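Visitor: Before anything else, here's the structure in question.
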Amino acid sequence: MNDPSASVQHALAENVGRLGDRIAQAAKASGRPAEAVTLVAVTKYVPAAWARALVAAGCHELGESRPQELWSKAAALADLPVRWHFIGHMQRNKLRRTLPAIGLFHSVDSLRLLSALEEEAAAAGRQVPALLEVNISGDAGKGGFEPAEVEALVERLAEFAHVSTQGLMGMASLDRPAEEAERDFERLRMLRDRLVGRLPTGVEWPHLSMGMSGDFEAAIRQGATLVRIGSALVEGIATT
Ligand SMILES: *Cc1c(COP(=O)(O)O)cnc(C)c1O
């Protein structure tokens, strides 16, 4: 059903290989090993059969920004060793159904969502790995905690015993130049660095999820450990 042709599979694998090289190079240039940065292959532009081809090309960390897409792709790829990353806005009424599929929840963007996540995870008897999304670009209309809200929240994180926060996630402004994206990423890293000393016992924040197709190298320079890449995976391939 909708299987990508052999030439599409080949092109996807080439894109994955090229991105892997660029990620490794950017990591090395910032004094880190290639393995310090994980490619999260965002599959929101492609059907499940293409996502399967991405797994065959070596991507085992896949990302989706819509609950329904995550449900259907996770079901379609249930036979594969995939960890799913949820990277979009979550409506609380979709949380219960989505939670079982989520390996890392990047986009916890409000106290209300964090509380709902705690409640659902406790009810399900599991610990959910999560990142707090911070509005680093200052764009009005962008989701996420304000930096000051994260500062105020840090010492309360122990109250959310079933949400295991592992760091921060952010998005640079899309309509400003790349140098400014790098400054947004730098602010997120500095916020993380400033807060790690205040984390409750047992909470560690090794992760910074930042960088997309157009700005991931800048994000890696600033310490990204997870880059979320969608359109560059399908670059040069007709998706219809
Ligand atoms: C779509 C999306 C991405 C991937 O964006 P590209 O520019 O296509 O690489 C990354 N992060 C989030 C939150 C997204 O919604």
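The values are calculated or read from the model by the stated rules, or taken from the named source; none is laboratory data. A quick note: this is a predicted structure, and the numbers were derived from the prediction, not measured. Backbone-built Cβ (ideal geometry, glycine too); neighbour counts: all protein chains shown.
Visitor: Check region 103-112 and report whether any residue there is surrounded by fewer than 23 Cβ atoms within 10 Å (Cβ to Cβ), free of Cβ contacts under 8 Å to residues at least 24 places away in the same chain and either of a type outside the set (Val, Ile, Thr) or within 13 Å of the ligand (Cβ to nearest atom) (or both).
Guide: Within region 103-112, one or more residues are surrounded by fewer than 23 Cβ atoms within 10 Å (Cβ to Cβ), free of Cβ contacts under 8 Å to residues at least 24 places away in the same chain and either of a type outside the set (Val, Ile, Thr) or within 13 Å of the ligand (Cβ to nearest atom) (or both).
Visitor: Sticking with this structure for a sec: Just checking, which of 174, 168 is within 16 Å of the ligand (Cβ to nearest atom) and buried (at least 23 other Cβ atoms within 10 Å of the Cβ)?
Guide: Numbers: 174 fails: buried (at least 23 other Cβ atoms within 10 Å of the Cβ).
It is 168.
Visitor: Can you name the residue in region 198-238 that is charged (D, E, K, R) and within 13 Å of the ligand (Cβ to nearest atom) and is also farthest from residue 40 (Cα to Cα) among such residues?
Guide: Within region 198-238, the first condition is being charged (D, E, K, R), and the residues that meet it are 198, 204, 215, 217, 221, 228, 235.
Now restrict to residues that are within 13 Å of the ligand (Cβ to nearest atom): 215, 217, 228, 235.
Numbers: 215: 14, 217: 14, 228: 5, 235: 16 Å.
Looking at residues that are charged (D, E, K, R) and within 13 Å of the ligand (Cβ to nearest atom), I get 235.
Visitor: A further question follows. Going by the conditions given, is residue 132 crowded, with 17+ Cβ neighbours inside 10 Å, in contact with a Ser or Thr (Cβ under 8 Å, 6 or more places away or on another chain), farther than 19 Å from residue 44 by Cβ and at pLDDT 95 or above?
Guide: On the way: crowded, with 17+ Cβ neighbours inside 10 Å: yes; in contact with a Ser or Thr (Cβ under 8 Å, 6 or more places away or on another chain): yes; farther than 19 Å from residue 44 by Cβ: yes; at pLDDT 95 or above: yes.
It is true that residue 132 is crowded, with 17+ Cβ neighbours inside 10 Å, in contact with a Ser or Thr (Cβ under 8 Å, 6 or more places away or on another chain), farther than 19 Å from residue 44 by Cβ and at pLDDT 95 or above.
Visitor: Take residue 224 and decide whether it is among the small types (Gly, Ala, Ser), under 30 Å from residue 10 (Cα atoms), modelled with pLDDT of 95 or more and not in a helix (DSSP H, G or I). Lay out the reasoning, then the answer.
Guide: Numbers: among the small types (Gly, Ala, Ser): yes; under 30 Å from residue 10 (Cα atoms): yes; modelled with pLDDT of 95 or more: yes; not in a helix (DSSP H, G or I): yes.
The answer is yes for residue 224.
Visitor: Any residue at all in region 158-177 that is of a type outside the set (A, V, I, L, M, F, W, C), in a helix (DSSP H, G or I) and closer than 18 Å to residue 114 by Cα?
Guide: Checking region 158-177: at least one residue is of a type outside the set (A, V, I, L, M, F, W, C), in a helix (DSSP H, G or I) and closer than 18 Å to residue 114 by Cα.
Visitor: Can you tell me which residue within region 25-46, out of those that are crowded, with 18+ Cβ neighbours inside 10 Å and more than 18 Å from residue 87 (Cβ to Cβ), is farthest from the ligand (Cβ to nearest atom)?
Guide: 27
Visitor: Also, I was wondering about something else. Could you grab me the full set of residues in region 65-86 that are closer than 17 Å to residue 12 by Cβ and surrounded by 19 or more Cβ atoms within 10 Å (Cβ to Cβ)? Full working, then the answer.
Guide: So the first thing to find is which residues in region 65-86 are closer than 17 Å to residue 12 by Cβ, and the list is 73, 76-77, 80, 82.
Passing the criteria: 73, 77, 82.
Visitor: Let me ask something else about it. Do we find a residue being under 17 Å from the mean Cα position of the chain (by Cα), over 20 Å from residue 84 (Cβ atoms) and surrounded by fewer than 16 Cβ atoms within 10 Å (Cβ to Cβ) anywhere in region 214-231?
Guide: yes
Visitor: Let me ask you something else. Suppose we keep only residues that are modelled with pLDDT under 95 and surrounded by 12 or more Cβ atoms within 10 Å (Cβ to Cβ) within region 136-157. Which one would you say is nearest to residue 87 (Cα to Cα)?
Guide: 143
Visitor: If you don't mind, another one. Report whether or not residue 92 is modelled with pLDDT under 95 and either among the aromatic types (Phe, Trp, Tyr) or closer than 23 Å to residue 72 by Cβ (or both).
Guide: Details: modelled with pLDDT under 95: yes; either among the aromatic types (Phe, Trp, Tyr) or closer than 23 Å to residue 72 by Cβ (or both): yes.
When the stated conditions are applied, residue 92 passes them.
This table checks each residue for (1) of a type in the set (Asp, Glu); (2) within 23 Å of residue 143 (Cβ to Cβ).
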position	(1), (2)
73	no, yes
81	no, no
86	no, yes
89	no, yes
92	no, yes
95	no, yes
100	no, no
103	no, yes
109	yes, yes
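Visitor: Could you say which residue among 155, 186, 182 is more than 15 Å from the ligand (Cβ to nearest atom), over 20 Å from the mean Cα position of the chain (by Cα), part of a helix (DSSP H, G or I) and more than 30 Å from residue 49 (Cα to Cα)? Even if it seems obvious, please write down each step before you answer.
Guide: Working: 186 fails: over 20 Å from the mean Cα position of the chain (by Cα); 182 fails: over 20 Å from the mean Cα position of the chain (by Cα).
On inspection, the qualifying residue turns out to be 155.
Visitor: Just a yes or no: is a residue in region 97-106 touching a Gly at 6+ places or on another chain (Cβ under 6 Å) and of a type in the set (D, E, K, R)?
Guide: To start, the set of residues in region 97-106 that are touching a Gly at 6+ places or on another chain (Cβ under 6 Å) comprises none.
No, there is no match, as no residue in region 97-106 is touching a Gly at 6+ places or on another chain (Cβ under 6 Å) and of a type in the set (D, E, K, R).
Visitor: Assess whether residue 117 counts as being in contact with a strand residue (DSSP E or B) (Cβ under 7 Å, 6 or more places away or on another chain) and within 25 Å of residue 148 (Cβ to Cβ).
Guide: Values: in contact with a strand residue (DSSP E or B) (Cβ under 7 Å, 6 or more places away or on another chain): yes; within 25 Å of residue 148 (Cβ to Cβ): yes.
Against the criterion (in contact with a strand residue (DSSP E or B) (Cβ under 7 Å, 6 or more places away or on another chain) and within 25 Å of residue 148 (Cβ to Cβ)), residue 117 qualifies.
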